[in-house]
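This report refers to the structure that appears directly beneath it.
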Amino acid sequence: MSDSTTSGSWDGPWYRVHTEQFEAAFLPNAGEDVEAVDNVDVFVDLKDGFRWSATIITLAQVEILMSRWATSGEALAGRYFWCSDGLIVRDAGISNMTRVLAGLIDTGEFTQVLQLLDD
């Protein structure tokens, strides 16, 4: 798997990461530690000019939400989890999420997992 990530930088509310394969623009919460991010929207621009999107969430955050919903009654009292263009990862942090995106490109699974955007 490619591990050609470079450190990211802030661009307004966006945290942008550039790799040899893509640029990813993450939208963490204001003031959130980028290596603690566990639920984030991302837009990925590939070198071919196409733009893709996903909501990346950790397995632990899914469990927290489902437990909360069991009490609130949402999602059939926490019996299911669903989100549009969702990608569940094991570990938190934008660097980990970037490695997952790079791995999806390397394995050819990227276009099956992320949502192609019509610009």
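The values are calculated or read from the model by the stated rules, or taken from the named source; none is laboratory data. Worth saying up front: this structure is predicted, and the values here are computed from it rather than measured. Backbone-built Cβ (ideal geometry, glycine too); neighbour counts: all protein chains shown.
Tabulated data
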{"read-out": "Test result for residue 67, within 23 Å of residue 117 (Cα to Cα) and either surrounded by fewer than 12 Cβ atoms within 10 Å (Cβ to Cβ) or at pLDDT 95 or above (or both)", "value": "no"}
{"read-out": "In the stretch 77-119, residue surrounded by the most Cβ atoms within 10 Å (Cβ to Cβ) [restricted to those that are at pLDDT below 95 and either acidic (Asp, Glu) or at positive phi (or both)]", "value": "85"}
{"read-out": "Condition check for residue 30: over 18 Å from residue 11 (Cα atoms) and either among the β-branched types (Val, Ile, Thr) or surrounded by fewer than 16 Cβ atoms within 10 Å (Cβ to Cβ) (or both)", "value": "no"}
{"read-out": "Pairs where the first residue, in the stretch 65-77, is touching a residue at least 12 places away in the same chain (Cβ under 8 Å) and the second is among the aromatic types (Phe, Trp, Tyr) and in a helix (DSSP H, G or I), C-beta under 6 Å, 6+ apart", "value": "none"}
{"read-out": "Odd one out for residue 85, checked against (1) among the charged types (D, E, K, R); (2) touching a Phe, Trp or Tyr at 6+ places or on another chain (Cβ under 9 Å); (3) farther than 19 Å from residue 111 by Cα", "value": "(3)"}
{"read-out": "Close pairs from the stretch 92-119: first of a type in the set (D, E, K, R), partner modelled with pLDDT of 95 or more, Cβ under 7 Å, at least 6 apart", "value": "119/51"}
{"read-out": "Failed criterion for residue 44 (all others in (1) β-branched (Val, Ile, Thr); (2) touching a Leu at 6+ places or on another chain (Cβ under 9 Å); (3) at pLDDT below 95 hold)", "value": "(3)"}
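Yes/no matrix, rows are residues, columns are (1) closer than 20 Å to residue 103 by Cα; (2) among the hydroxyl-bearing types (Ser, Thr, Tyr); (3) touching a Leu at 6+ places or on another chain (Cβ under 7 Å):
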{"site": "8", "(1), (2), (3)": "yes, no, no"}
{"site": "12", "(1), (2), (3)": "no, no, no"}
{"site": "22", "(1), (2), (3)": "yes, no, yes"}
{"site": "25", "(1), (2), (3)": "yes, no, no"}
{"site": "29", "(1), (2), (3)": "no, no, no"}
{"site": "35", "(1), (2), (3)": "yes, no, no"}
{"site": "54", "(1), (2), (3)": "yes, no, yes"}
{"site": "65", "(1), (2), (3)": "no, no, no"}
{"site": "71", "(1), (2), (3)": "no, yes, no"}
